[in-house]
1. Looking at the range 12-65 only, could you name the residues that are exposed (fewer than 13 other Cβ atoms within 10 Å of the Cβ), modelled with pLDDT under 95 and either over 22 Å from Asp89 (Cβ atoms) or hydrophobic (A, V, I, L, M, F, W, C) (or both)?
2. Select from the range 195-244 the residues that are of a type in the set (Phe, Trp, Tyr) and in contact (Cβ under 8 Å) with a residue 40 or more places away in the chain and list them in ascending order.
3. Mind checking whether some residue in the range 131-153 is in a helix (DSSP H, G or I) and more than 18 Å from the chain's Cα centre (by Cα)?
4. In the range 160-212, how many residues are farther than 21 Å from Gly75 by Cβ, part of a helix (DSSP H, G or I) and either in contact with a strand residue (DSSP E or B) (Cβ under 6 Å, 6 or more places away or on another chain) or of a type in the set (Phe, Trp, Tyr) (or both)?
5. Quick check on the range 213-256: of everything there that is assigned to a loop (DSSP other than H, G, I, E, B) and touching a Leu at 6+ places or on another chain (Cβ under 8 Å), which residue is nearest to Ala169 (Cα to Cα)?
6. Only one of (1) of a type outside the set (Val, Ile, Thr); (2) out of contact with any helix residue (DSSP H, G or I) (no Cβ under 7 Å at 6 or more places or on another chain); (3) assigned to a helix (DSSP H, G or I); (4) under 13 Å from Glu71 (Cβ atoms) is not met by Tyr111, so which one is it?
7. Between residues in the range 164-178 that are surrounded by fewer than 23 Cβ atoms within 10 Å (Cβ to Cβ) and residues that are at pLDDT below 95 and assigned to a helix (DSSP H, G or I), which pairs lie under 8 Å by C-beta distance while being six or more apart or on different chains?
8. Is it the case that some residue within the range 192-213 is modelled with pLDDT of 95 or more, closer than 19 Å to Arg48 by Cβ and surrounded by fewer than 16 Cβ atoms within 10 Å (Cβ to Cβ)?
Amino acid sequence: MRRIATLATALVLAASACAPTVVRTDTASTSLDAAIAGSWRLPVNTARDQYRRPRPTLNFFGVRPNHTVIEITPGSGWYSEILAPYLRDNGRYIAAVVDPATIKAGRSRDYQQKTRTDLEAKYAAGPAQYDRVEVVAYDPEAPRFGPANSADVVLTFRNVHNWRMAGQAEGMFRGFYHVLKPGGTLGVVEHRAKGDVPADDKSGYVGQAQVIAMAQAAGFRFNGASEINANKLDTKDYPDGVWTLPPVLRLKGKNRDKYLAIGESDRMTLRFVKP
């Protein structure tokens, strides 16, 4: 009996020695699933999961619950609803928003101010999910998102076309490189053009090779591409560019069913690493 007990103890100890890796992986997966299924998420946002595919996208970018993650211009907080609670206990979620004070007075400044105000109101209304969210305001002409080498992951979703049109893309990628730790990940999702497009192109689409080149010029190493967010039905030749498709449906009643059937845009999903 004593030998059996000793053997059993040894087996338990051996299992315990191996357990942390398994438990950490399972816990992270469950936490992400719970965040995606969270009752606090707006129905209009969860309806878009079929197009934005948050679970495989965040897994592809290697986001872990103990990471410091900076999301660039979260907009109305679509990904905030997932990332903030997922990172709340063991990591950090930082929402990087444009500082309205750095924009010339006018419609653009008003838009940025309203976007920031609405986002912060969303966070304030849900303390159980967002009480530990950090908001960082940046100047898009000289972007800094935090101390050098301080973030594990930087994420940007469908923003590159705006920066290119404003002549700010190169500076933004340099800012990402500055804030990421060596070995840190930059994850980019963007509307994918059929090929290269001019910087002032108004379609909202960008060439995949162009995005890779911008990241590499900033010092990043290209680490992989995924077709998670691809859409082969997207012909990319619409009268109002990508905004013809949902969720914007800029043409309103005109051919609404046609564009709803296509779904949201074809998107590149790219992963880069800071050496």
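1. Passing the criteria: Val12, Leu13, Ala14, Ala15, Ser16, Ala17, Cys18, Ala19, Val22, Val23.
2. Step one: of the range 195-244, the residues of a type in the set (Phe, Trp, Tyr) are 205, 220, 222, 238, 243.
If the condition is that a residue be of a type in the set (Phe, Trp, Tyr) and in contact (Cβ under 8 Å) with a residue 40 or more places away in the chain, then Tyr205, Phe220, Phe222 are the ones that fit.
3. Here is the first cut: in the range 131-153, the residues in a helix (DSSP H, G or I) are none.
No, the range 131-153 contains no residue that is in a helix (DSSP H, G or I) and more than 18 Å from the chain's Cα centre (by Cα).
4. So the count comes out to 3.
5. In the first step, residues of the range 213-256 are kept if they are assigned to a loop (DSSP other than H, G, I, E, B); the result is 218-220, 227-240, 245-255.
Going one step further and asking which of them are touching a Leu at 6+ places or on another chain (Cβ under 8 Å), we end up with 220, 234, 238-240, 246, 249.
Numbers: Phe220: 14, Asp234: 25, Tyr238: 24, Pro239: 25, Asp240: 22, Pro246: 25, Leu249: 26 Å.
So the residue we want is Phe220.
6. Condition (4) is where Tyr111 drops out.
7. Once the first residue is surrounded by fewer than 23 Cβ atoms within 10 Å (Cβ to Cβ) and sits in the range 164-178, no partner that is at pLDDT below 95 and assigned to a helix (DSSP H, G or I) comes close enough.
8. no
The values are calculated or read from the model by the stated rules, or taken from the named source; none is laboratory data. Everything numeric in this text was worked out from a predicted model, so none of it was measured. All Cβ positions, glycine included, derive from the backbone under ideal geometry; neighbour counts span all protein chains shown.
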